[in-house]
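Structure first, commentary second.
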Amino acid sequence: MTFCLDTLVIPPENDEIVKNAVILLHGYGGDGKDISILTLNWKRSLKNTVFLCPNGHEKCAINPIGFQWFDLSKDDDDYILEKSLNAEIILKNFIEEVKSKYKLSNDNIVLCGFSQGCMMSINTGVTTNEEFNCIIGFSGKIVNKDNLQKRIKNKSKILLIHGDHDEIVSSNFLLEAKDFFDRNKFDIKTNIIKNCGHHIPIEASSLALNFIKTNLNN
């Protein structure tokens, strides 16, 4: 089966039967290979799990060798929201393809993303009819809180992690997201990593892995 997004697929070790999927969404200007680095440690602990690392559907406007989920070249909130919603449609189609190929349901799927990929994981994760197993976001934010408020359809468990020295996406956005999800009665966990910029350190990777292990085993 060919997915609608160009995807790096990392199957379970030792040809294990696929029972779970972790979808990893890269940041602005990155690609699936970038974020697949997380799987080097995760796959040892997550048996029967396939990792899918798709490229965004558009070439990045400022980095032609990378990809984007939506354009950020215009400083226009309405434009950014429109483009993110278009990307959401494509990502939801991709998820349905994953479910069909591996015979999975949403509760067997983890959505995880970095930066712009975090934004996509949040938006997509809580606007589907069925809860995902869990959602993890590194160094991201909610694209548009007013819009998302109107579209919430499930209460998937969420973990958000951010560096306190993030120079690209302020860690204040984590606090805003926590407030938003608390007010909407989500099971939301957050962690701010000290002396960390706009990247995923080992500490954050370990926290995310433990969160996934806990939820997939429930």
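Under 8 Å between Cβ atoms, which residue pairs at least 6 apart in sequence (or on different chains) link something in segment 1-29 that is among the hydroxyl-bearing types (Ser, Thr, Tyr) with a partner that is modelled with pLDDT under 95?
Listed by first residue and then by second, the contacts come to Tyr28/Leu72.
Looking at (1) within 20 Å of Phe3 (Cβ to Cβ); (2) free of Cβ contacts under 8 Å to residues at least 40 places away in the same chain; (3) surrounded by fewer than 21 Cβ atoms within 10 Å (Cβ to Cβ); (4) in contact with a Phe, Trp or Tyr (Cβ under 7 Å, 6 or more places away or on another chain), which is the one condition that is false for Lys145?
Result: Lys145 passes all but (1).
Which residues, counting only those in segment 158-170, are out of contact with any Lys or Arg (no Cβ under 8 Å at 6 or more places or on another chain), buried (at least 19 other Cβ atoms within 10 Å of the Cβ) and part of a loop (DSSP other than H, G, I, E, B)?
Listed by number, the list holds a single entry, Asp166.
How about segment 20-46: which of its residues are assigned to a loop (DSSP other than H, G, I, E, B) and either farther than 20 Å from Met120 by Cβ or out of contact with any strand residue (DSSP E or B) (no Cβ under 9 Å at 6 or more places or on another chain) (or both)?
Listed by number, the list holds a single entry, Leu46.
Just to check your reading of the model, which residue among Lys150, Lys101 is free of Cβ contacts under 8 Å to residues at least 24 places away in the same chain and surrounded by fewer than 18 Cβ atoms within 10 Å (Cβ to Cβ)?
Lys150
For segment 130-170, give me each residue that is under 15 Å from Gly197 (Cα atoms) and more than 15 Å from the chain's Cα centre (by Cα).
Gly163, Asp164, His165, Asp166, Glu167, Ile168, Val169, Ser170
When you scan segment 198-218, how many residues do you find that are among the small types (Gly, Ala, Ser) and more than 17 Å from Ile35 (Cβ to Cβ)?
Adding up the residues that qualify gives 0.
What number of residues in segment 171-210 are closer than 28 Å to Ser45 by Cβ, outside any strand (DSSP E or B) and either out of contact with any Phe, Trp or Tyr (no Cβ under 8 Å at 6 or more places or on another chain) or not hydrophobic (A, V, I, L, M, F, W, C) (or both)?
20
Only one residue in Gly140, Gly163 is touching a strand residue (DSSP E or B) at 6+ places or on another chain (Cβ under 9 Å) and farther than 17 Å from Ser121 by Cβ. Which one? Spell out how you get there, then give the answer.
On the way: Gly140 fails: farther than 17 Å from Ser121 by Cβ.
From the options Gly140, Gly163, the qualifying one is Gly163.
The values are calculated or read from the model by the stated rules, or taken from the named source; none is laboratory data. It should be emphasised that the depicted structure is a prediction, and the values quoted were computed from it without experimental measurement. FYI the Cβ positions are ideal-geometry reconstructions off the backbone, even for glycines, and counts take in every protein chain you see.
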